[in-house]
Amino acid sequence: MTGVQERPGHRGVLILFSIAFATFMVNADSYIVNISLPVISAYFKVGTEAVSWVVMSYQLTVTALLLVFGTLGDRIGIKRLFMLGYAVFTVSSLCCAVSPTLGWLVASRALQGIGASVLYALTPAMVPRYLPPEQRGPAFGALATAAALGISVGTPLGGLITGLLSWHWAFLINIPIGIVAMLVAKRVLPADLSAAEKAPLPSFDYAGSAFSALALVSLIYSFSKLNSLGLAPTVLGAALLFVVSLGAFVLWERKVAHPLLDYSLFRSAAFNYGNLANFLCLCYLAGHNFITPFYLMTVKALPTERAGTVFLLYSLIYMGMGPLAGQLSKRVNPRILCTAALLAGVLVSFGFSLLLNAGGMLPVYGYFVGLALVMATFIPSNNNVVMGMAPPGKQGAVSGSFRMVGRVGMTVGVCLFQTIFALAALQAGTLHADALKTVERTQLLSAFSTVYAVGAVLFAVAAVSSLLAREGGVVAAAVE
């Protein structure tokens, strides 16, 4: 048997580092570009709707292919596919950096999302594959820490890089890091089993994979184009394609022998309501990360690097509060913690919507601190609620579905906040970041206020959903 059991000590630490770093890199790159969007918008002279696809193309491919790559790892070989994921991620980062047009950048980000999806899908499976049982609990904790660290430092790091250098360097930085990560992985990860050593595997669900990816892409496309095109034939066609492909996916998964999704999980109220709360909360977080840089750089007139340091405040509070909230969820009913945090989120978002025109930066700092406390309390507590209902032997299925729903929420969040902003600003979404500065200040503030008010509604619905998640106990937090 090939594994860490034969290579104890230092090699095991390097294996864990290689796995955790992939988790960090995927999450960091989900956020590092957000702070650069106003600069990219002005560089290509495009509006918020067009530039939002720089984020959504990445999130779409990461999410749509998670189930596919999670299954292919057992067929191709986890190490082989992991190395291929790093290679695709690194090469596509170079393509992003040298993009001559926005279309090229969006396509390159989609390619980058393919590599990221490979890394993100395989890391949970690599822990039990390569590490002995007594090391798996701390290893999953390390993955959760790496994921949180990537989310926390991504936006501030992107602000500093873009402000001091240019937006191109937000992608160029991935190239040397990716090469080093590939070399480390190649050296320390155990070799894949040969074809003769592998146990027979069930047939791969190609049709289910295609239906799920098609449903997600058509949903996001129709939603994102609703503002600029209205009920145009392309929008209605995409919406119809979503309904058809989603229906086909559900019907196919119910009859296929080895489905991508285990439908028995959806019989649990904790799973359903906890997933809905997670979807709405990450929807808000991703939308916030997309729209708030535009507010800071237009209304508050902050340079990119200064806007990035504002996001650093959120990161520091989140990283400091996250472990405390995780411990607290072991002593207090996590469902109550989730509900209380989300109700606080209603006050934070709605309160900020009323203070957007206040002088100085104090309301902004208060908003970021409040949002960090809300997220740091909700995320580990909700993980406990959802993972606590997982039947023995199905923790992997629950975790995979949970992660996919969260990723879908992040993609929808960017689309939702962009659409609401553009509608509220009376088609300001057709203007690039520099042109937004010429929009009447009252109208601009009204558009931003509408966005955060709608965000408060998302928190309110999530709070109700969290309160209804009555099943499940307290277990170790899932890896985000």
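Quick notes on this structure:
- Filter pass, Leu60 being in contact (Cβ under 8 Å) with a residue 60 or more places away in the chain, farther than 25 Å from Phe290 by Cβ, touching a Leu at 6+ places or on another chain (Cβ under 8 Å) and among the aliphatic types (A, V, I, L, M): no
- Subset of the range 273-313 that is polar (S, T, N, Q) and in contact (Cβ under 8 Å) with a residue 60 or more places away in the chain - its residue that is most open to solvent (accessible area, probe 1.4 Å): Thr309
Quick grid of which residues meet (1) surrounded by 23 or more Cβ atoms within 10 Å (Cβ to Cβ); (2) in contact with a Ser or Thr (Cβ under 6 Å, 6 or more places away or on another chain); (3) more than 24 Å from Pro176 (Cβ to Cβ); (4) among the hydroxyl-bearing types (Ser, Thr, Tyr):
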{"site": "Ser30", "(1), (2), (3), (4)": "yes, no, no, yes"}
{"site": "Phe44", "(1), (2), (3), (4)": "no, no, yes, no"}
{"site": "Trp53", "(1), (2), (3), (4)": "yes, no, yes, no"}
{"site": "Val62", "(1), (2), (3), (4)": "yes, yes, no, no"}
{"site": "Phe82", "(1), (2), (3), (4)": "yes, no, no, no"}
{"site": "Ala87", "(1), (2), (3), (4)": "no, no, no, no"}
{"site": "Val91", "(1), (2), (3), (4)": "no, no, no, no"}
{"site": "Leu94", "(1), (2), (3), (4)": "no, no, no, no"}
{"site": "Gly113", "(1), (2), (3), (4)": "yes, yes, no, no"}
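- Annotation note: of Ala181, Ala199, Ala107, Ala121, the sole residue that is open to solvent by 30 Å² or more (accessible area, probe 1.4 Å), modelled with pLDDT of 75 or more and within 26 Å of Ile76 (Cα to Cα) is Ala107.
- So Leu436, is it farther than 29 Å from Thr63 by Cα, open to solvent by less than 10 Å² (accessible area, probe 1.4 Å) and at pLDDT below 65: yes
The values are calculated or read from the model by the stated rules, or taken from the named source; none is laboratory data. As the structure is a computational prediction, the values presented were derived from the model and not from experiment. Note that we place each Cβ from the backbone using ideal geometry, even for glycine, and neighbour counts take in every protein chain shown. What goes into the accessible areas is simple: the full protein's heavy atoms, side chains included, and nothing from ligands, DNA or RNA. Shrake-Rupley method; radii C 1.70, N 1.55, O 1.52, S 1.80 Å.
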